[in-house]
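*Asks:* Provided herewith is a single structure, encoded as structure tokens, for subsequent inquiry.
The values are calculated or read from the model by the stated rules, or taken from the named source; none is laboratory data. Only a predicted model underlies this, so the values are computations on that prediction, with no experimental measurement involved. Note that each Cβ is placed from the backbone with ideal geometry, even for glycine, and that neighbours are counted across all protein chains shown. When the accessible area is computed, the model is the full protein with side chains, heavy atoms only, and any ligands, DNA or RNA have been set aside. Shrake-Rupley method; radii C 1.70, N 1.55, O 1.52, S 1.80 Å.
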Amino acid sequence: MALTIESFAQTDIGLKRKINQDAYLKDDGLGLYVVADGMGGHKGGEVASRLCVETVRDYLLDHPTENARGVLDHGINKSCEAIFRTSRESDELAGMGTTVVAIYFQDGQVHIGQVGDSRVYLMNTDGIWQVTEDHSLLNEEIRAGRIAANQVAAYQFKNVITRSVGYESQVNVDIYHRRVKVDDTFLLCTDGLSGLVNIKEMWEHVYQDGMANGLQNLVRLANSRGGDDNITAVVCRVTGL
């Protein structure tokens, strides 16, 4: 990989959960970064998120010459099949699934695969933008104009997702891509962070405090506002082309 990437990661159980069902991968050598937010039972979510992250990495290792779109689509669907199959083999794991966001850098471009409501943000000196679009009931209601911005906090189904990895044997993966430039910074996170920290705060902390300190500060901020879910984030910055 010609690009030079610097990255940091942070995960935290939060204040309300008994176990951390999030999983993440950051591999500067492969140019691959993945965040998954598991769901299902006492152990199911933890197993699903770990299976997802590991399977996407293993798919890339087994197919190093495949184009980035194929790596993300096939890798995530390979994990979807594995989670679905495993959930049917164990009553304890029945119904488990996970969200996923994955970034893969290839040939001077960034490629992003997403299922669920975990997010990817792009930051640089000009500002910050949410790249992905949530697969959630709340987002569908907002897009349809049935819910206004000032009604979001009170919406009782805001944690209901409409697409996940492992619910069925295959899943439709949203794929985004763009050519990168030096200083482009990508934040991957679960809704334990994005649900409690706003987009302006993400940009301010990552740029003012640096990536490592910024992530730690964002996690502390989410916990100070209730920490009602696991919190996981990975930040990666293009430092050389």
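*Asks:* Can you name the condition, by its number, that Gly240 falls short on among (1) within 17 Å of the chain's Cα centre (by Cα); (2) surrounded by fewer than 15 Cβ atoms within 10 Å (Cβ to Cβ)?
*Replies:* Failing condition for Gly240: (1).
*Asks:* Here is a further query. Go through the residues of the range 129-144 one by one and say whether even a single one is crowded, with 18+ Cβ neighbours inside 10 Å, out of contact with any Pro (no Cβ under 7 Å at 6 or more places or on another chain), modelled with pLDDT under 95 and assigned to a strand (DSSP E or B).
*Replies:* Checked against the condition, which is being crowded, with 18+ Cβ neighbours inside 10 Å, out of contact with any Pro (no Cβ under 7 Å at 6 or more places or on another chain), modelled with pLDDT under 95 and assigned to a strand (DSSP E or B), the range 129-144 yields at least one hit.
*Asks:* Take Gly195 and tell me if it is modelled with pLDDT under 95 and out of contact with any strand residue (DSSP E or B) (no Cβ under 8 Å at 6 or more places or on another chain).
*Replies:* For Gly195, the condition - modelled with pLDDT under 95 and out of contact with any strand residue (DSSP E or B) (no Cβ under 8 Å at 6 or more places or on another chain) - is met.
*Asks:* Within the range 62-91, which residues are assigned to a helix (DSSP H, G or I), in contact (Cβ under 8 Å) with a residue 12 or more places away in the chain and over 20 Å from the mean Cα position of the chain (by Cα)?
*Replies:* Within the range 62-91, Arg85, Thr86, Ser87 meet the criteria.
*Asks:* In the range 21-45, which residues are closer than 24 Å to Leu221 by Cα and open to solvent by 40 Å² or more (accessible area, probe 1.4 Å)?
*Replies:* Matches in the range 21-45: Tyr24, Lys26, Met39.
*Asks:* Kindly evaluate Ile161 against the criterion of being open to solvent by less than 50 Å² (accessible area, probe 1.4 Å) and at pLDDT 95 or above.
*Replies:* No, not satisfied.
*Asks:* So Cys80 fits all but one of (1) of a type outside the set (Asp, Glu); (2) open to solvent by 70 Å² or more (accessible area, probe 1.4 Å); (3) modelled with pLDDT of 95 or more; what number is the exception?
*Replies:* (2)
*Asks:* Among the helices (runs of 4 or more DSSP H) contained in the range 169-241, which hold 2 or more residues that are of a type in the set (Gly, Ala, Ser)?
*Replies:* 191-194, 211-224
*Asks:* So in the range 88-108, with the set limited to residues that are among the hydroxyl-bearing types (Ser, Thr, Tyr) and at pLDDT 95 or above, which one is surrounded by the most Cβ atoms within 10 Å (Cβ to Cβ)?
*Replies:* So, considering only residues that are among the hydroxyl-bearing types (Ser, Thr, Tyr) and at pLDDT 95 or above, the one surrounded by the most Cβ atoms within 10 Å (Cβ to Cβ) is Thr98.
*Asks:* Please enumerate the residues belonging to the range 166-204 that are open to solvent by 10 Å² or more (accessible area, probe 1.4 Å), of a type in the set (D, E, K, R) and in contact (Cβ under 8 Å) with a residue 12 or more places away in the chain.
*Replies:* Scanning the range 166-204 gives Glu168, Asp174, Arg178, Arg179, Lys181, Asp183, Asp191, Lys200, Glu201.
*Asks:* Could you please tell me which pairs satisfy a Cβ distance under 7 Å, a separation of 6+ or placement on different chains, a first residue in the range 207-219 that is closer than 16 Å to Ile128 by Cβ, and a second residue that is at pLDDT 95 or above and buried (at least 24 other Cβ atoms within 10 Å of the Cβ)?
*Replies:* Met211/Val235; Leu215/Ala233; Leu215/Val235; Leu218/Leu193; Leu218/Met202; Leu218/Ala233
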